[in-house]
1. Return the long-range amide H neighbours of G110 (sequence gap of 5 or more, or a different chain), with a cut-off of under 5 Å between placed amide H atoms.
2. What percent does the relative contact order of the chain come to when contacts are Cα pairs within less than 8 Å and at least six residues apart?
3. Can you compute the label reach from T327? Point 7 Å from Cα along the Cβ direction, backbone N cut-off under 17 Å, restricted to the stretch 274-304.
4. Can you give me the accessible area per residue for the chain, using a 1.4 Å probe, in Å²?
5. Placing unit charges on C-beta atoms (Lys and Arg positive, Asp and Glu negative, everything else neutral), compute the dipole magnitude of the chain about its Cα centre in debye, rounded to 20.
6. Could you compute the FRET efficiency for H9 and K69, with r as their C-beta to C-beta distance and R0 at 30 Å, rounded to 0.05?
7. Would you kindly state how much longer the chain becomes between A272 and D232 on full extension, computed as 0.36 nm times their sequence separation minus their alpha carbon distance, in nm to one decimal?
8. Only bridges with both residues in the chain count here: give the DSSP antiparallel percent, nearest 5.
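The values are calculated or read from the model by the stated rules, or taken from the named source; none is laboratory data. As the structure is a prediction and not an experimental result, all values here were calculated from the model. Methodologically, a virtual Cβ is constructed for each residue, glycine included, from the backbone with ideal geometry; neighbour enumeration extends over all protein chains shown. All accessible areas refer to the heavy atoms of the entire protein, side chains included, with ligands and DNA or RNA removed. Shrake-Rupley method; radii C 1.70, N 1.55, O 1.52, S 1.80 Å.
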Amino acid sequence: MFRLTQYMHQLVAPTPVRRRAGPVKPVVIWNLTRRCNLRCRHCYTTSADVPFPGELTHEQAMGVLDDLKAFGIPALILSGGEPLSRFDFFELAERAKELGFHHLSLSTNGTRIAENIDRIADIGFDYVGISLDGLGAMNDWFRGVRGAFDEALTGVRACKARGVKVGLRFTITEANAGFLPGMLDLCDAEGVDKFYLSHLVYAGRGDKHRGEDAEHSLSRSAMDLLMERAWDAVAAGKPLEVVTGNNDADAVYFLNWAERKFGSAKAAHVRAHLEAWGGNSSGLGVANIDPQGKVHPDTYWSDYTVGSVKETPFSALWTGGDPMLATLRTRPRPLKGRCGDCTFKAVCGGNTRIRALQVTGDPWAEDPACYMTNAEIGVGEGDRLTVTPFRGKSHDPAHRFV
């Protein structure tokens, strides 16, 4: 995750760079179930509203919580499918809160929040992330169920009414990119605490629909708008936090913006912070447990399994000798192509390896979703892309930033 707003604050009120010390404990994203009442086009778990065999029993899931707490993970994100569809969701969430995880989050489609808001608020989640992929009918088409937008927005409002920190997650594609300005306006209108722009990852149904991924020029234009709106919020002292995910080229693109706007000295300070962060953290700072208890380097690496918590505790699997985890943790990673030659490897960490694997069969090949030009990353000569940056503030849903 690239915390855009956080690094913008470094331009205003710089702080010393803090580098990781000792073994890194990962944020764990736990897909509690594949069951879900929606049918999203980009679903990386290929979920559906049917029971799935082999999911963890209540006793097994409780044991996982105890192990994660003893291992000392910094944050736990309960996800799905739709996590509220799991039969013992609230028992697990209550136990997680009792154990005292430093940060406990819920990742949901939002459609069942309102009917459960009292229990959600009483548990004391630190954050609730709700996925919306456009306004009105666009979101409903994207998510496969009519009325999903209205139900999710009701969930947002229920969270705000109960004082629960809430954010919106938006996966950008060619089809819905024109709704990005409206999504940001919605955040302002509803007092949403965080906006998360997710780039498409080729996993599950997201792999099936990879042809709908945003073009490189569109990704750049979306970042132009995000940086404009995030900077407006920082300058005005507004609380909205803007983050992006699944394309660590965003950090490099931001560095270019920072240098143009604030000069090389401030950009160098931000770069030092970004290198301390290290970019893509699959297998290092991020881990995934799927509904059947299989452990993966992140939520999109479903075809690569480190082991199963049904047989071995997560803590033992994560600190064992798995070769893929060991290579993902290597800095620099053994990258090839443009990624291998890039002068910003220490910033982005090689970007999203699963996209490279899905497209080429090689996890260390270049990430096809990197939208930086060759000239911008010090590779060869000339530009790889012809881009048209976003210039205006159109709120027309048909606007496509180009």
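1. S131
2. Relative contact order of the chain: 19 percent.
3. Only 281-284, 296-298, 301-304 pass the distance filter.
4. That works out to 40 Å² per residue.
5. Working: 47 positive and 48 negative charges, 150 e Å.
My answer is approximately 720 debye.
6. After rounding, the FRET efficiency stands at 0.45.
7. On the way: separation 40, 0.36 × 40 = 14.40 nm, distance 2.38 nm.
Value of the extension gain: 12.0 nm.
8. 15 percent
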